[in-house]
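Values in this text are rule-based calculations from the coordinates and carry no lab data. Nothing here was measured: the structure is a model prediction, and the numbers come from that model. Every residue, glycine as well, gets a Cβ built from its backbone with ideal geometry; the counts of neighbours run over all protein chains shown.
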Amino acid sequence: MKLTLAHDHKLPTGALGLALAPDGSRAFAACADGVLYAVDLESGKADTFAEKHASFASGCVLLPDGRTMISAGYDGMLLWHDVETRRCWRRVQAHRFWNWQIALSPDGSRLATVTGQYLPGGWKYEPAAENEPSVRVYDTESGDLVASFSHTPPVLSCAFSPEGAHLAAANMMGEVRVWNLPSDPDAKPVAQWTSPDFTSWGTTKSHHYCGGIYGLAFSPDGTALLGCGMGPMTDPMAGNGNMTWQRWDWRKGERLDQIKDGQHGSGLMETLAWYPGGTHFLMAGKQAQGTWNAAVFSAADGALVHSIDTKKRITHARFTADGQSLIIAGATGQEAPKLGVWPPWGRVQVYRVEA
């Protein structure tokens, strides 16, 4: 499999969330200016939605009907938008703190959202207990809260299983928990485990925890769960831990495999995407050192089969349903203003996929 850049579209600010139209003609980007953009993937023309978040817009999902978009932000809000009119028609305060990530169930009926503020809970700056449920699930039709789950904050990622019967969420400490759906409020996880390969305790310059599992994705057959992030560092502020993914048998909490030695550089990996059919998966993020920040791996043995260096931070990546394109959202380094105007630093890129 090979990826070749076809389009590089600019947005005013960095893109933190990404959703795709069913036919692959448009992308929707949630950006750092709080705005939701609809981007024509051929021309790059970007239209804005009418209502923006009061802080960063951190994620967005498109319901299966193609007419309703739900966005989340650092203001803790969930906003329902009409895709055709670009108007917001429902507002729900989901969290008192930031939304880190949202996920849509396969049938589009449920939306999961995760939050959590890192506050020191002890002498070693281990996270204090949550002051609100870190994982919440909403009905996308009514906007009603249907489930709340406890986790150790901050919870950075979440994912539904392919049949929608399970929800996984992971945090800064490398702790993964999985719940049954539907379930009673405050239900206990049906599986949970910890991988120390995704977190760091600083021993130089700054003494605190850093890292986490930033991306989660169930395998298409639902038997395994993928997680990605960054390996341990002695200096958490350096951002140079190894690019890392692991795959687990989630029912047992046992690791099946992980990125191979010599196949990674260093940097924070933020997103995972399965290729249609499940033969390959992609991991991408921000490179600190090395030769790539996006790579395709074989699902059969976990071997790296192709990599690219986009020279950008990648926050989200999605393959189109036909498998012919990979859509990437992210940001470049923010440049200084020119004549009082900030240059655009958000990006939505289209890569052609060659089998």
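Along the charge dipole of the chain, pointing to its positive end and built from +1/-1 on Cβ of Lys, Arg, Asp and Glu, which listed residue (223, 134, 187) has its Cα farthest out?
Working it through, the farthest residue towards the positive pole turns out to be 134.
Could you order peptides 191-198, 331-338, 132-139 by the average number of other Cβ atoms within 10 Å of their residues, highest first?
132-139, 191-198, 331-338
Set the bar at 23 Å for Cα to Cα. Now go through 205/260; 2/311; 2/312 and name every pair that lies beyond it.
With Cα atoms farther than 23 Å apart: 205/260.
Among 249-261, 112-124, how do they line up from the highest to the lowest mean number of other beta-carbon atoms within 10 Å?
112-124, 249-261
About the Cα centre of the chain, how large is the charge dipole given +1 on each Lys and Arg Cβ and -1 on each Asp and Glu Cβ? Please answer in debye to the nearest 20.
Dipole of the chain, to the nearest 20 debye: 740 debye.
Roughly how many Å is it from the Cα centre of the range 1-42 to that of the range 137-153, as a whole number?
Rounded to whole Å, the Cα centres lie 27 Å apart.
What FRET efficiency comes out for the pair residue 235/residue 324, r = Cβ-Cβ distance, R0 = 51 Å, nearest 0.05?
Efficiency, rounded to the nearest 0.05: 0.75.
In nm, to one decimal, how far is the modelled label at residue 188 from the one at residue 165, with both set 7 Å along Cα→Cβ?
That separation, rounded to one decimal, is 2.1 nm.
I want to check the label-to-label distance for residue 47 and residue 254. Put each point 7 Å from Cα in the C-beta direction and report it in nm to one decimal.
Each label point lies 7 Å from its Cα, and together they span 5.2 nm.
Is the range 245-318 best put as rounded, prolate or oblate by its Cα gyration tensor, with a ≥ b ≥ c the root eigenvalues, rounded for a/c under 1.5, and otherwise prolate when a/b is larger than b/c, oblate when not?
In terms of gyration-tensor shape, prolate.
How much length is gained if the chain between residue 5 and residue 263 is pulled fully straight, taking 0.36 nm per residue apart and subtracting their Cα-Cα distance, in nm to one decimal?
90.7 nm
About the Cα centre, and with charges only on the beta carbon of Lys, Arg (+1) and Asp, Glu (-1), how big is the dipole of the range 203-277? Nearest 20 debye, please.
The dipole magnitude comes to about 100 debye.
Considering the dipole of the range 155-309 built from charges on the beta carbon (Lys and Arg +1, Asp and Glu -1) around the Cα centre, which of 206, 293, 240 is farthest to its positive end?
Value computed over the given set: 206.
How big is the charge dipole of the range 155-309 about its Cα centre, in debye rounded to the nearest 20, if each Lys and Arg gets +1 on its Cβ and each Asp and Glu gets -1 on its Cβ?
180 debye
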